[in-house]
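The values are calculated or read from the model by the stated rules, or taken from the named source; none is laboratory data. Keep in mind it's a predicted model, so treat the numbers as computed, not measured. Ideal geometry is used to build each Cβ from the backbone, glycine not excepted, and the neighbour counts take in all protein chains shown.
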Amino acid sequence: MSHVRARICYGSKCWSVSDYAAKLGMSATHLNRIARSMTGQSALQFINGMLFQEARSLLAYTRIDIAEIGYKLGFDDPSYFSRAFKRIIGVSPKNTVTNWIGNGISGWQGVDFKT
């Protein structure tokens, strides 16, 4: 998983790895050590992975459009959100939804999905 950003946002709250570590009562270095030992990823990589899993869930189970999901997760630019999603997940958000519609597993059935 590649680096996406140093601060992770959800809604109006943005946290750095140091913020997460402080809430857990440890240093960012210690949090990174724990994350690497448990997942093989840095804390930032793990948190970004979870952020994009949330994006996938929102795509699958809501009718929120892709740009709004990006905004909800703290991205100011929908294009950057789509590029980062593709880099992390391996498929663009649009293709993710299109694939799910084709397999009947998205909340988007019956929606005319346009670019």
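Provide a single number: the residues in the range 48-62 that are over 15 Å from PHE85 (Cβ atoms) and either hydrophobic (A, V, I, L, M, F, W, C) or surrounded by 19 or more Cβ atoms within 10 Å (Cβ to Cβ) (or both).
Let us first name the residues in the range 48-62 that are over 15 Å from PHE85 (Cβ atoms), namely 61-62.
Applying the additional criterion that residues be either hydrophobic (A, V, I, L, M, F, W, C) or surrounded by 19 or more Cβ atoms within 10 Å (Cβ to Cβ) (or both) yields none.
Qualifying residue count for the region: 0.
If you scan the range 96-115, which residues turn out to be outside any loop (DSSP other than H, G, I, E, B) and either at pLDDT 90 or above or surrounded by fewer than 12 Cβ atoms within 10 Å (Cβ to Cβ) (or both)? Can you show your working first?
Taking the range 96-115 as the starting set, the residues that turn out to be outside any loop (DSSP other than H, G, I, E, B) are 96-103.
Across the range 96-115, the qualifying residues are GLY102, ASN103.
Can you name the residue in the range 28-47 that is assigned to a helix (DSSP H, G or I) and in contact (Cβ under 8 Å) with a residue 24 or more places away in the chain and, of all such residues, is surrounded by the fewest Cβ atoms within 10 Å (Cβ to Cβ)?
Filtering the range 28-47 down to residues assigned to a helix (DSSP H, G or I) leaves 28-39, 43-47.
Applying the additional criterion that residues be in contact (Cβ under 8 Å) with a residue 24 or more places away in the chain yields 43-45, 47.
On the way: ALA43: 23, LEU44: 22, GLN45: 19, ILE47: 21.
Here the answer is GLN45.
Could you please find all residues in the range 63-76 being of a type outside the set (A, V, I, L, M) and in contact with a Phe, Trp or Tyr (Cβ under 9 Å, 6 or more places away or on another chain)?
If we filter the range 63-76 for residues that are of a type outside the set (A, V, I, L, M), which is where we start, we get 63, 65, 68, 70-72, 74-76.
Hits for the range 63-76 are ARG63, GLY70, TYR71, LYS72, GLY74, PHE75.
Which members of the range 63-80 meet the condition of being surrounded by fewer than 17 Cβ atoms within 10 Å (Cβ to Cβ) and either among the polar types (S, T, N, Q) or touching a residue at least 12 places away in the same chain (Cβ under 8 Å) (or both)?
ARG63, ALA67, PRO78, SER79, listed by residue number.
Results for (1) modelled with pLDDT of 90 or more; (2) of a type outside the set (Gly, Ala, Ser); (3) under 10 Å from the mean Cα position of the chain (by Cα), shown as yes or no for each residue.
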{"residue": "LEU51", "(1), (2), (3)": "no, yes, yes"}
{"residue": "ARG56", "(1), (2), (3)": "yes, yes, yes"}
{"residue": "ALA60", "(1), (2), (3)": "no, no, no"}
{"residue": "ARG63", "(1), (2), (3)": "no, yes, no"}
{"residue": "ILE69", "(1), (2), (3)": "yes, yes, yes"}
{"residue": "GLY74", "(1), (2), (3)": "no, no, yes"}
{"residue": "ARG83", "(1), (2), (3)": "yes, yes, no"}
{"residue": "ILE89", "(1), (2), (3)": "no, yes, yes"}
